Every structure is written in structure tokens, then in C-alpha cells.
Amino acid sequence: MRNTVLILISVLIVPTLLADKGKNYAKENVCQELKAIGIEKFKEMVTVLYSQKFPNGTFQEVSCVADEMSKLAEKCCKDDASPDCYDKGATEISEKSCGKNSPFPKHPGIEQCCTLQGQERKLCLASLRYTADELASLTEPTNEEICTEYTKDEKDFTVRYVYEFARRHRNIPAGFVLNATQNHVRMAERCCRPAVKITCFLHEKLQLRSSNIFLRFLSNVCNNQVNLKSFKFGLSAYYGNLLGLSFEEASALSSCFHSGLEKCCLKPQPECMIEELTSFQKVLCGESKLDSLSEDFQKCCKKPALDTLLCVDDLKRQPRQFPDVASPVSSKLCEEAQPHGIDRYLFLTGVNHAFISLPVLTTILDRIKNTVTACCSSDKITMCLTEQESKLKKTQALLSKLDDTCSRYFKLDLPVFKTLIQKEVQGEGGEKRTQAWLDLAMSCCSQRSPAQLCQKLTEDVIKYDDSTV
């Protein structure tokens, strides 16, 4: 499967971003690839991009828009096609998207785009990106179920897997989805004929184990990157705690990782991500600091680049004793002569917490950052910080309480944990508050927690818990 065409298809989804020369160039290359790989493989690629873009759409809706785009490419790649074939076709598709009975996915925000006309409408439709909660992971079908669906209709089996996998991995490069699909289809090809072969499935699934673990890791970090507003600050505190790094060291590390994800998560081709993660591994495992870090970490750094990152991601964090944040909060945080004052404050706020997940930690840090930043922008900085000090202390206390809750969640049996939370959360609204804490612990204490859901559940705890403002 070629990655160049992925870039070009994604460009054609936003045709108005190109000048006329650019459109002609893109069309020529897409037509060349369409001829080389055929319409079915081309449609698979388009299906990946639209399944990621419209994860709330039904299979029929996504297939419909993928069919339209594939037919448009096929039509406009004919030798006798008019120069404005693609532009006219794209306009017709955008008009169809805004129709009352449109067969395409119903995307939030589409109504606003449909009030626009011409190129503005196409640009608006192309820029829409779905932001609802993550979908549940794919349920692993039995070997028999795989073979039944595969032998029934090989083409439909492939496209449906593309759709289901892509919509659950909507923030990773599309090329990884295509690779995963190829692996899944190849497993069915080898193991389903002439009959279901159990040993074949065992062998194939074992071969795919490491790539599946990597995809789960990549999907998690890209979801965090795309959805968490203060992800970089959360990363600094995370690496500071995990590796016992200073603010400066942890900030440099988190900036490197964050910039790589920011650059590559939403690019269709996988090479960008592989290159950035490989570069990050070199920074992470730099020889200058390696000897001072734990033996487990050093073992991770002896592995190949991508395996190193998975290994480090599995390391357990330990409670740390970094200096507490200054109290009361000083106006020096806001001074230009105090570089990274707010960043350092957030680092010290979060670094000592070893059990809380990144989505929860980042949500709390973002709340603190907004409070402090608002004061730094006011005319009376010191007065504002003094007035907000109580709120900041309570938010920091909540962070410690969340960390302690996750610590106990991992140590205790679930019935015992539930009873403990019910005893602790009493008074007015106790039932709702108890449920909010339980929902957060069960869904968000795990390090690879879903970013959007855990932001929402953290906000629920803040709303219901009387220890915050």
C-alpha cells in the first residue's frame, strides 16, 4: 500500500486549499496511483480517512461518501475528463452534504457550514472534526466468526474492518489503519481456507501482538495530544515523576515528545510518526543522564526505538518528594523576568502524584493554569492571586485526593473500594457525588485512560465535590 496517495487523497478532500496548479498536480498523482492500485484499494484509503473524520457515521453513510469520492476520482481521471471535472464534482458533493435527506454522515457543525456558499462551504465542511467521546474497543470476534464473514464476502469483510478500526483510531495516521487492515485480512486468507485452522490463528495473532500493542499506545498518546488542552504540562509532570527529573529536564523531554505528536498524529502517512518517535527515543535515552536513572529504565533503553517507548510506558511511577508549590502564590509567576514561572508552578503541582492518569492530571492542571493566567492578565495581579488562593488550594487538595483515590483503587478489591467511597462521600447530593467518584476511578485511574471521557468525568467530580469551588 502506497503512502503518497494517502497524502494526495487527504488533499483532495480539501480541494480549495490548492491553487489551480496544485490541484492539477494532485489530480495527476492521484490518477497515477488510482491506475496503479485499482479502484477497490483506492476506496479503502478513502474509507479510512472518512471513517476517522466521521466516527459517528453509520457504515452505510461513510460508504456512501467514500463511494462518491472514489467515483469522482475515477470519472475525473479519464483521458477525456474536463479540466474542471474535480472542482465541479466536489461542489456537487458539498451541496449533497447539505441536502435535507443527505445520505452522508450527520456531523456536528454541518448546519453552520451549509449557510456558506462555494469554496467557503467546501473549506468549512473539510475542516470539521468530530470530538465526541472515544468509542469502545473492537470486540474480538471468534475464529469461526472471522471465517464466516470473510468467506461470505471478502470485499465487504475488508471494508467493514477498515471502517470499524479507523473510527476507533481516529487520531492516528491513516497508514497505520491500512497496515492493520492488511494484517487482519491476510490472517483470514491464511487461516480460513479450506476450513478454520486454530493453530494458524494462534500463530498469526502471536505475530501481530507487538504491532497491536504499539497501535494501542499510539492511539492513546495521539488522543491525549489532540484532546487535552494542557497535555504538555501534564507530560512534564509525568516524566518528572516517572524518571525523577528536574523541571528543566522534564520540560525539554515533554516538549520534544509533544512537538512530534503535534506534527504527525493527524498526518496520513506513518513515516512521519516513526521518524519522530525514533528521534524522541534518542532524546529519552540520552547517554548523559542514563546512568543516573533506574535499572528498569536502562533496560528499556536497550530495546529497539519503538519497543523502548512501550517499555517505558509500562514502568510504574513512584511517589516523589519534590518541593511543594509556593504558598501564597507569588506575583513573580507573572513576571517576564521569571521565565516559565507558570510552567514551573504547574510542574511542582503535579509531579508528586504517582497514581493519577494523564487525562485527569492534565484536566486539573489546565483548571489551575486558567486561574493563574487570568490573574496574570489582570490589572491587579497580586490582589487577583490573593482572591484566588483559596480556590487554588482547594483544587490542589482535590488533585491529591484524586491521586490517593487511584492509589486505593489499585490496592483494594472493588467491593471494598466502593464501600470506602460511599462512607467518605456523605451529605447533600451524596449519591451523585459517590457515583461521580466511582465512575472516575473505574474509568480513569488506568494510565491509558480515554482522554475525552476522563476530562468529562473529572469535571463531574469537581462539580459534585464540595471540596472545590
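The values are calculated or read from the model by the stated rules, or taken from the named source; none is laboratory data. What you see is a predicted model; the values in this text were computed from it and never measured. FYI the Cβ positions are ideal-geometry reconstructions off the backbone, even for glycines, and counts take in every protein chain you see. To get the accessible areas, we keep the full protein, side chains included, count just its heavy atoms, and leave off ligands, DNA and RNA. Shrake-Rupley method; radii C 1.70, N 1.55, O 1.52, S 1.80 Å.
Examine the stretch 287-302 for a residue that is of a type in the set (A, V, I, L, M, F, W, C), surrounded by fewer than 16 Cβ atoms within 10 Å (Cβ to Cβ) and at pLDDT below 95, and state whether such a residue exists. Steps first, please.
Narrowing the stretch 287-302 to residues of a type in the set (A, V, I, L, M, F, W, C): 290, 293, 297, 300-301.
Going one step further and asking which of them are surrounded by fewer than 16 Cβ atoms within 10 Å (Cβ to Cβ), we end up with 290.
If we keep only those that are at pLDDT below 95 as well, we get 290.
Yes, the stretch 287-302 contains a residue that is of a type in the set (A, V, I, L, M, F, W, C), surrounded by fewer than 16 Cβ atoms within 10 Å (Cβ to Cβ) and at pLDDT below 95.
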Can you tell me which of 418, 401, 332, 380 is within 23 Å of residue 228 (Cβ to Cβ) and of a type outside the set (A, V, I, L, M, F, W, C)?
401
Filter the stretch 143-163 down to the residues that are farther than 24 Å from residue 52 by Cα and not polar (S, T, N, Q) and list them by number.
144, 145, 147, 152
Only one residue in 253, 261 is under 20 Å from residue 317 (Cα atoms) and part of a helix (DSSP H, G or I). Which one?
253
Of the residues that sit in the stretch 269-286 and are hydrophobic (A, V, I, L, M, F, W, C) and more than 20 Å from residue 224 (Cα to Cα), which one is surrounded by the most Cβ atoms within 10 Å (Cβ to Cβ)?
285
Those helices (runs of 4 or more DSSP H) lying entirely in the stretch 115-193 with at least 1 residues among the acidic types (Asp, Glu) and surrounded by 15 or more Cβ atoms within 10 Å (Cβ to Cβ)
143-152, 154-168
Can you tell me which residue is farthest from residue 276 (Cα to Cα) among those in the stretch 194-208 that are among the hydrophobic types (A, V, I, L, M, F, W, C) and assigned to a helix (DSSP H, G or I)?
198
Counting residues that are of a type outside the set (A, V, I, L, M) and farther than 30 Å from residue 285 by Cβ, which helices (runs of 4 or more DSSP H) fully inside the stretch 304-412 reach at least 2?
358-376, 381-411
Find the residue count for the stretch 97-114, including only residues that are in a helix (DSSP H, G or I), within 30 Å of residue 220 (Cα to Cα) and open to solvent by 100 Å² or more (accessible area, probe 1.4 Å).
0
Where a residue in the stretch 100-120 is within 15 Å of residue 58 (Cα to Cα) and its partner, wherever it lies, is polar (S, T, N, Q), with Cβ under 7 Å and at least six apart:
104/97; 105/56
All-but-one check, residue 266 against (1) of a type outside the set (Asp, Glu); (2) open to solvent by 20 Å² or more (accessible area, probe 1.4 Å); (3) assigned to a helix (DSSP H, G or I), failing number (3)
Of all residues in the stretch 29-61 being surrounded by 15 or more Cβ atoms within 10 Å (Cβ to Cβ) and among the hydroxyl-bearing types (Ser, Thr, Tyr), which is nearest to residue 157 (Cα to Cα)?
47
Which residues, taken from the stretch 413-427, are basic (Lys, Arg) and either at pLDDT below 90 or not in a helix (DSSP H, G or I) (or both)?
423
Looking at the stretch 353-371, which of its residues are surrounded by 22 or more Cβ atoms within 10 Å (Cβ to Cβ) and either among the polar types (S, T, N, Q) or more than 30 Å from residue 442 (Cβ to Cβ) (or both)?
357, 362, 363
Which condition from (1) over 19 Å from residue 175 (Cα atoms); (2) at pLDDT below 55 is the one that residue 58 breaks?
(2)
Consider the stretch 388-417. How many of its residues are without any contact (Cβ under 8 Å) to a residue 12 or more places away in the chain and either surrounded by 13 or more Cβ atoms within 10 Å (Cβ to Cβ) or more than 29 Å from the chain's Cα centre (by Cα) (or both)?
4
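Under the condition of being closer than 22 Å to residue 211 by Cβ and of a type in the set (D, E, K, R), which residue from the stretch 288-309 is nearest to the chain's Cα centre (by Cα)?
307
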